[in-house]
Amino acid sequence: MYQPGMKSNLLGLNQEEVLKLVESIGEKLFRAKQLYHEIYRRSELDFLQMTELSKAFRQRLAEEFRLTLPEVARRSAAQDGTVKYLFRLEDNRFVESVFIPEEDRDTLCISSQVGCNIGCRFCMTAQMGLERNLKVEEILGQVFTVAKERNLQRGSFSVVFMGMGEPLQNYKNVMKAFRLMTDPLGMSMSHRKVTISTSGVVPVLRKMHHEEIFPNIAISLNATSNTLRDELMPLNKKWNLEALMQACREFPIEPRRRIMFEYVMLAGVNDSDEDAEAMLRLFRGLRPKVNLIPYNPNPGLPYRRPSEERIARFRDILVNEGVTVFMRKTRGDDIAAACGQLAYMEEGASAGA
Ligand code: SAH
Ligand code: SF4
């Protein structure tokens, strides 16, 4: 828990910053590399156990700094093996992450903000509004904690920014965390194993075009006309479908990678044959993948999940035109851990549960 005058947390510092820190305390510079290696490659967060470092240096670090993770306030395990983590941050706010075990690989769904201010009508996180951005150490802290607890091996799991928050509204911290996750000298995850999902913050998406390396991109499309998208996702009034699709067409993705379009299926709202056909028109000039997400109902919201036949028919229209469509099984149903159900409003009561 946060106390004024607390030592500063070194988790979240990049190589350059570790170097500066080591320099500022008058240590030899090669120590910086060792310290960075201990933290990010060996996941060693106890200074005194950092065997690469000299004893004196370890002690000095332990006296002046800390390396701490957000506290796990609660774990809820679903019958299918999905585990939802509730993290208590130092200012007593909460965020959630979801660990989803799968046969071929595991996925960790993490949050980028406490709440979200994009205001999508169907999403529970939207009900919280935005409380604040997560810091780099809080983003990485989710990964460190779950990887450690579940003994996940490097390279064996993917990270998706599909928890609470709009990652592109916290771009600086999200990208710094991404660079740390993928640094070959540190956590060394493949950039192909990290996905950022966005509701379509077009100027930031365009800014990302210029990054040296970038994660997989998933776009939450959810409607195929501006009229409906304006209603479901108010940010569409600012950056409409044309602007969004143009930014996607111009995205400099590697030849074998594709942009993923997520589409939350809402019965009677966006699930007609015409919607599927309109989606195909939007995709002109792109080689997309589509993730159809049957709506996960939230209490108090007026939306319903379409029937399986309706979803299958919608999928077939896309598949028949050569679009790759994924339809993940809904996971963690019994613990409200699925997409759009994460919202923690007050201690003792999860709004999504
Ligand atoms: N803010 C980002 C990432 C978090 S939301 C974004 O919107 O992309 C992750 C995904 O969950 C988005 O595709 C969103 O459209 C979807 N989603 C939100 N509420 C949902 C619900 N109740 N059921 C199913 N998917 C939902
Ligand atoms: Fe925010 Fe994504 Fe939820 Fe929209 S769907 S309110 S962008 S978290």
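Assorted remarks:
- Residues considered: 56, 243, 177. Largest GNM mean-square fluctuation over the chain, using C-alpha springs under 10 Å, is found at 56.
- Reported to the nearest whole Å, the Cα centre-to-centre distance from the stretch 26-45 to the stretch 185-254 is 35.
- The chain - mean residue ellipticity at 222 nm from DSSP helices (-39,500 (n - 2.57) per run, n ≥ 4, rounded to 500): -8000 deg cm²/dmol
- Against the chain, whose longest principal axis comes from its Cα atoms, helix 136-149 is set at around 90 degrees.
- In the chain, the longest principal axis of the Cα atoms and the axis of helix 308-320 are about 90 degrees apart.
- The chain - charge dipole about Cα centre, Lys and Arg +1 at Cβ, Asp and Glu -1, debye rounded to 20: 720 debye
- Rounded to the nearest 20, the size of the Cβ-charge dipole of the stretch 134-216 about its Cα centre is 100 debye, with Lys and Arg at +1 and Asp and Glu at -1.
- Converting phi to 3J(HN,Hα) with the Karplus coefficients 6.51, -1.76 and 1.60 and the offset θ = phi - 60°, the stretch 90-96 yields 5, 9, 6, 8, 10, 9, 10 Hz in sequence order, with x at every glycine or proline.
- Net charge dipole, the stretch 141-269: roughly 320 debye, given to the nearest 20, about the Cα centre with Cβ charges of +1 for Lys and Arg and -1 for Asp and Glu.
- Amide H contacts of residue 293: 263, 264, 265, each under 5 Å away and 5 or more positions distant or on a separate chain (H built 1.01 Å from N in the peptide plane; Pro and chain starts excluded).
- Restricting the stretch 1-95 to chymotrypsin sites (Phe, Trp or Tyr not before Pro) in coil, as DSSP defines it, with at most 15 other Cβ within 10 Å: 2
- Protection proxy ranking, highest mean first, for peptides 180-187, 137-144: 137-144, 180-187, where packing is the per-residue count of other beta-carbon atoms within 10 Å, averaged.
- Taking θ as phi - 60° and the Karplus parameters 6.51, -1.76 and 1.60, the scalar couplings of the stretch 284-299 work out to 4, x, 10, 10, x, 10, 10, 10, 7, 10, x, 3, 9, x, 10, x Hz in sequence order, x denoting glycine and proline.
- Karplus-derived 3J(HN,Hα) values for the stretch 28-44, using 6.51 cos²θ - 1.76 cosθ + 1.60 with θ = phi - 60°, are 5, 5, 5, 5, 4, 4, 5, 5, 4, 4, 4, 5, 9, 8, 8, 6, 8 Hz; glycine and proline are entered as x.
- With Cα atoms, 0 to 90° folded angle of helix 15-24 axis to the chain main axis: 30 degrees
- Dipole of the chain [Lys/Arg +1, Asp/Glu -1 at C-beta], most positive-end residue of 342, 153, 261: 153
- Signed unit charges on C-beta, dipole axis of the stretch 95-141, positive-most listed residue 130, 141, 100: 130
- Counting only DSSP beta bridges whose two residues both lie in the chain, roughly 45 percent are antiparallel.
Coordinate-derived values only; no laboratory data. Quick caveat, the model's predicted, so the values are computed rather than measured. Cβ coordinates were reconstructed from backbone atoms using ideal geometry, including for glycine residues, and neighbour counts include every protein chain displayed.
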